[in-house]
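The block underneath contains the structure these notes are about, expressed in structure tokens.
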Amino acid sequence: MTPTLEWHGAGPAGLPPGNPCIVCGRPSVEMFLDLGSTALANQLPSRGTDWQPRFPLRVGACSDCGHVQLTDIVPPEAMFTEYLYVSSASATLSAHFVDLAAAAHARAGLTPAHLAVDIGSNDGSLLAAIGALGARTRGIDPAANLAVLARQRGVETEVAYFNEATATRLREREGAASLISATNSFPHIPRLDCYLAGIERLLAPGGVFVIEAHYLGDLIEQNAFDTIYHEHVSYWALAPLERVLAAHSLEVFDVERLPVHHGQLRAWIGWCGERPVSPAVARLRAEERRAGLGQRDALAAFARRVGTLRADIVSAIATLRAGGLAVAGYGAPAKASTLLDYCGLGPDDIAWIADRNPLKQGRLTPGTGIPIVSPERIASDRPDVLVLFAWNFAGEIMAQLNGYRRAGGRFLIPVPAVRLV
Ligand code: ZN
């Protein structure tokens with residue numbers, strides 16, 4: 001969650017697309033998917049009367065470099081100043097950070113004297129794990145509420161957006177960083193040139209920059225239209241990533257595809273020519289070419305599948321309701337906001353959504369006004385069907401809710417295809 005302070009145009013009035021491509025700067029971004037105008041996915045109102053701006057949510061691909069991106073950019077200040085998503089909220093994610101910390105610590109060869117910086121450091125989960133292995137740690141995140149949580153666990157955190165100025169300040173104060181990480185904040189950057197200039201300023205010789213981003217190949221394979229929201233301005237594949245890094249003397253020296261968060265690309269990046277490049281990089285590059293990733297035909301087919309999936313979700317819930325069944329939801333991640341808004345579902349369709357995050361309880365889903373409640377409500381109301389919005393964690397959640405299931409409760413999993421289990 002660390003875009004720079006600058007952005008290109010696009011206001012709530014729904015201005016026509018026309019931003020230059022985030023990767024190559026050319027005005028060649030062609031829209032292929034229109035999800036309508038939606039409220040901001042992570043801005044959960046406290047009352048139904050709260051004013052909620054809507055912004056167009058449209059996705060395009062650059063006909064020059066193939067980079068998939070939003071065609072309309074929302075000002076970052078509208079999205080990242082208070083942030084309700086907490087990294088440590090899921091057991092799967094906490095385990096993921098412990099793994100990443102160990103791998104990054106080893107690859108960067110960190111000792112207690114070395115500096116590790118996490119951009120979009122959220123509640124400090126990753127840095128706490130890296131620090132425990134031996135390193136000086138500094139977090140950077142624009143959300144003041146999260147910096148408080150991070151400091152409570154001993155992770156020093158600066159409330160700021162990452163850019164060249166932040167990087168320069170940090171380097172003057174702490175020296176160069178031997179490890180820089182950005183997990184899930186990398187797709188949030190509308191002005192990559194300024195961000196990568198900051199990486200150039202901060203990364204030590206021999207240093208490692210590791211990023212994780214939802215992988216475009218998985219997004220398309222899983223029909224994961226609901227992971228599209230205004231914060232995610234970029235949907236990364238390897239080829240455009242390599243192109244934008246090369247302009248800053250950086251290169252991907254290893255790459256992994258991970259199952260977490262419905263399919264992630266983890267790219268290990270260093271200064272050009274410093275490290276041997278793993279064969280995995282050429283392999284993925286070839287796979288992307290074969291699949292036509294970022295090409296017009298594949299994207300148009302994806303857009304058609306998304307339209308069909310919307311119809312399937314709406315009709316499945318309508319059928320359950322017509323049969324007199326009580327339908328509620330479980331989990332109110334940002335992707336629930338996109339799904340509900342795009343499908344036009346409200347409290348008449350889904351009575352409430354239970355979420356374990358106390359910061360979300362008592363609030364409403366943005367734009368659609370479904371109350372978010374504590375999971376205790378499941379035992380007291382006993383709904384017939386729970387829609388699982390965090391479908392990427394379906395296994396973990398269904399195990400947690402084993403009691404509900406044994407008592408006859410069912411789950412509706414909306415994505416990649418509607419399933420009632
Ligand atoms: Zn481009």
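The values are calculated or read from the model by the stated rules, or taken from the named source; none is laboratory data. Owing to the predicted nature of the structure, the values given are computational and were not obtained by experimental measurement. Cβ: placed from backbone, ideal geometry, glycine included. Neighbour counts: every protein chain shown. For the accessible areas, the whole protein counts, side chains as well, though only heavy atoms, and no ligand, DNA or RNA atoms are used. Shrake-Rupley method; radii C 1.70, N 1.55, O 1.52, S 1.80 Å.
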Hey, can you tell me all the residues within segment 104-120 that are surrounded by fewer than 16 Cβ atoms within 10 Å (Cβ to Cβ) and either in contact (Cβ under 8 Å) with a residue 24 or more places away in the chain or in a helix (DSSP H, G or I) (or both)? Ala106, Gly109, Thr111, Pro112
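Out of segment 26-82, which residues are small (Gly, Ala, Ser), surrounded by fewer than 20 Cβ atoms within 10 Å (Cβ to Cβ) and not in a strand (DSSP E or B)? Explain how you work it out, then say what you get.
Taking segment 26-82 and keeping what is small (Gly, Ala, Ser), we get 28, 36-37, 39, 41, 46, 48, 60-61, 63, 66, 78.
From the residues that got through so far, the ones that are surrounded by fewer than 20 Cβ atoms within 10 Å (Cβ to Cβ) too are 28, 36-37, 46, 48, 63, 78.
Residues satisfying the conditions are Ser28, Ser46, Gly48, Ser63, Ala78.
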Identity of the residue in segment 370-397, modelled with pLDDT under 95 and open to solvent by less than 40 Å² (accessible area, probe 1.4 Å), that ends up farthest from Thr338 (Cα to Cα): Ile397
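Within segment 330-421, which helices (runs of 4 or more DSSP H) (wholly inside it) include 2 or more residues that are under 26 Å from Phe302 (Cα atoms) and out of contact with any Phe, Trp or Tyr (no Cβ under 6 Å at 6 or more places or on another chain)?
334-343, 394-400
For segment 122-137, give me the residue count where each residue is at pLDDT 90 or above and touching a helix residue (DSSP H, G or I) at 6+ places or on another chain (Cβ under 6 Å). Spell out the reasoning first.
Step one: of segment 122-137, the residues at pLDDT 90 or above are 124-137.
With touching a helix residue (DSSP H, G or I) at 6+ places or on another chain (Cβ under 6 Å) added as a condition, the list becomes 124-126, 129-130, 133, 137.
Qualifying residue count, segment 122-137: 7.
Give the residue that is surrounded by the fewest Cβ atoms within 10 Å (Cβ to Cβ), with candidates limited to residues of segment 128-146 that are under 15 Å from Val159 (Cβ atoms) and not basic (Lys, Arg). Steps first, please.
So in segment 128-146, the residues under 15 Å from Val159 (Cβ atoms) come out as 138-146.
Narrowing the set further to residues that are not basic (Lys, Arg) leaves 139-146.
Values: Gly139: 25, Ile140: 25, Asp141: 28, Pro142: 25, Ala143: 24, Ala144: 12, Asn145: 15, Leu146: 26.
Only one residue tops the list, namely Ala144.
Out of Leu258, Leu309, Leu250, report the one residue that is modelled with pLDDT of 95 or more and in the same structural domain as Asp99 (by TED's automatic domain parsing). Don't jump to the end; show me each part of the working.
Numbers: Leu258 fails: modelled with pLDDT of 95 or more; Leu309 fails: in the same structural domain as Asp99 (by TED's automatic domain parsing).
Answer to the selection: Leu250.
Within the bounds of segment 269-279, is there any residue that is in contact (Cβ under 8 Å) with a residue 12 or more places away in the chain, more than 24 Å from Pro76 (Cα to Cα) and assigned to a helix (DSSP H, G or I)? So that I can check it myself, show each step before the final result.
Residues of segment 269-279 that are in contact (Cβ under 8 Å) with a residue 12 or more places away in the chain, as a first pass: 269-278.
Narrowing further to those that are more than 24 Å from Pro76 (Cα to Cα): 269-278.
Now drop any that are not assigned to a helix (DSSP H, G or I), which leaves none.
No: segment 269-279 contains no residue that is in contact (Cβ under 8 Å) with a residue 12 or more places away in the chain, more than 24 Å from Pro76 (Cα to Cα) and assigned to a helix (DSSP H, G or I).
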Pair list, Cβ under 9 Å, 6 or more apart: segment 59-70 residue hydroxyl-bearing (Ser, Thr, Tyr), other residue more than 8 Å from the ligand (Cβ to nearest atom) and outside any strand (DSSP E or B): Ser63/Arg296
List every residue pair whose Cβ atoms lie under 8 Å apart, where the two residues are 6 or more positions apart in sequence or sit on different chains, the first residue falls within segment 140-164 and is outside the structural domain of Glu174 (by TED's automatic domain parsing), and the second residue, located anywhere, is assigned to a strand (DSSP E or B) and open to solvent by 40 Å² or more (accessible area, probe 1.4 Å). none
